[in-house]
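To start, the structure under review is shown below, and the notes come after it.
The values are calculated or read from the model by the stated rules, or taken from the named source; none is laboratory data. What you are looking at is a predicted structure, and each value in this text was computed from that prediction instead of being measured. Quick reminder, even Gly has a Cβ in these numbers, built from the backbone with ideal geometry, and neighbours come from all protein chains shown.
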């Protein structure tokens, strides 16, 4: 098939997913177009794609599922027998049903899966877990994956049947018993407001977090110039301790499906 346009479309609050999706797109086309669905204003728009486009989708994994956001991450994207690549990134634990979830959503909206992959990025709750990834080895694997994708694109995409790991029904969405808040060192600069993908932080009082909207992506924590935002308490601290104890023993490697 002849691809005329390549699009990198991702939800990536802490930039890990973005690095992989744009890395793959860059290997397939020097002039790809990026659409950042982390931005609420972009999720309010409708997008349509043709059969001569290639769309690379990417999202992070939160407790084995996609982030739970009103309106969804990719629901406003409409394909027309459009070839697509489905990807997720996760923090060295498991991606469970998330990749299947991306595939299901996108295929229901008119996209045809040509390839899929699960990549490893630093864990949302601890920079110690999968620190520095994607690293040089991941970059080499992206090189190989891109070559495999190019080979797959030589096929008739209408006949391509992609299978990925995951289960139906999906595992239950897990709601965390904690959310990041700001302490007294908050300067009210508004950085957290600008990076929050769910508009959960009050612009007039950025120390406050709307717990009904917060998805614990920790974009506010990682971007706060005053290091004023974070989560605390026994539930959060105990979880981080368990994650660091269990997930730093083994290096997970990317998996892909063609």
Filtering segment 166-193 for residues that are within 19 Å of residue 67 (Cβ to Cβ) and assigned to a loop (DSSP other than H, G, I, E, B) leaves a count of 14
Kindly indicate whether any position in segment 120-130 is assigned by the TED database to the domain that holds residue 14, farther than 18 Å from residue 217 by Cα and either touching a helix residue (DSSP H, G or I) at 6+ places or on another chain (Cβ under 7 Å) or at pLDDT 95 or above (or both). no
Here the qualifying pairs (Cβ atoms under 6 Å; residues six or more apart or on different chains; first in segment 1-23 and more than 15 Å from residue 145 (Cβ to Cβ); second part of a helix (DSSP H, G or I) and modelled with pLDDT under 95) come out as 1/157
For the subset of segment 192-217 comprising residues that are at pLDDT below 95 and under 11 Å from residue 178 (Cβ atoms), which member is surrounded by the fewest Cβ atoms within 10 Å (Cβ to Cβ)? 211
Being in contact (Cβ under 8 Å) with a residue 24 or more places away in the chain, surrounded by 15 or more Cβ atoms within 10 Å (Cβ to Cβ) and more than 19 Å from the chain's Cα centre (by Cα) is the requirement here; does residue 220 meet it? no
Take the conditions touching a residue at least 40 places away in the same chain (Cβ under 8 Å), surrounded by 15 or more Cβ atoms within 10 Å (Cβ to Cβ) and farther than 26 Å from residue 217 by Cα and apply them to residue 86. Does it pass? no
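What number of residues within segment 60-72 are over 19 Å from residue 169 (Cβ atoms) and within 11 Å of the chain's Cα centre (by Cα)?
If we filter segment 60-72 for residues that are over 19 Å from residue 169 (Cβ atoms), which is where we start, we get 60, 69-71.
Retained after the next criterion (residues that are within 11 Å of the chain's Cα centre (by Cα)): 60.
Matching residues across segment 60-72 total 1.
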Scanning segment 1-15 residue by residue, those surrounded by fewer than 24 Cβ atoms within 10 Å (Cβ to Cβ) and not in a loop (DSSP other than H, G, I, E, B) turn out to be 5, 6, 7
Members of segment 126-160 found to be part of a loop (DSSP other than H, G, I, E, B) and under 22 Å from the mean Cα position of the chain (by Cα), listed by number: 127, 128, 129, 130, 131, 132, 133, 134, 135
Among (1) touching a residue at least 12 places away in the same chain (Cβ under 8 Å); (2) assigned to a helix (DSSP H, G or I); (3) under 22 Å from residue 3 (Cβ atoms), where does residue 100 come up short? (3)
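So which of 58, 110, 75, 51 is surrounded by fewer than 24 Cβ atoms within 10 Å (Cβ to Cβ) and within 17 Å of residue 149 (Cβ to Cβ)?
Exactly one residue qualifies, and that residue is 51.
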